[in-house]
Every structure is written in structure tokens, then in C-alpha cells.
1. Quick check on my filter: what residues within region 22-42 are in contact with a helix residue (DSSP H, G or I) (Cβ under 6 Å, 6 or more places away or on another chain) and farther than 18 Å from residue 68 by Cβ?
2. Of 70, 59, 66, which residue is in contact with a helix residue (DSSP H, G or I) (Cβ under 6 Å, 6 or more places away or on another chain), under 14 Å from residue 25 (Cα atoms) and at pLDDT 90 or above?
């Protein structure tokens, strides 16, 4: 009996964890974070027009995603799809953080 209760409790905790991760508010915040990162990276890569265009496209896509997430029918999207979206957003955030690390310095003089 205790094993069954423990299993039920574990399943409930897993469900709550996934629900928290795929909550529209959490996805919207992640999207806003990515958009802010793209804006910051755009400031660093001044001499790269192709890269800057790509960053602006990311900003626009995140804006559209935020609008989609705010719609009531977004809750109809399956939890699996929302989890995939979250994982994709996290991966995008990691790529942008790498771009910040690789950004050229503004000056060749040591500070």
C-alpha cells in the first residue's frame, strides 16, 4: 500500500513539474529573456550585417511567440509540444549566450 501511495505521489510531482515548466507564463518569460538576449547580442555584433539580420529575425519571432502564448487557445496545445517548445527555447538561449561570449571586443586595448 505504501509503495502505491509513493508511486502516486511521485507521479503527481512529475506532473506538477512538467505543468510548471510548460506553463504559458514560464514560456512567455523564457521568450522575453531570449528577445532581450538577442537585443544585447545585436549591440555587440556591429560589423556583421548578416548576423544582425538573423538576430532581428529572432527578436521578431519571439514577439510573435509571445503573442501566440497570450492567446487562450494556447492551452489547447499538448504538454508534449509545449515541453518541446521549452527545450527549443532553452537551446536558443544557450546559442545566444555563446554568441555573447564570442562577440568581438569594442577595443583592442586591454582595459
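1. Result: 37, 41, 42.
2. Criteria check complete, one pass: 66.
The values are calculated or read from the model by the stated rules, or taken from the named source; none is laboratory data. None of these values were measured; they are calculated from a predicted model. A quick note on method: Cβ atoms are made from the backbone with ideal geometry, for glycine too, and the neighbour counts reach across all protein chains shown.
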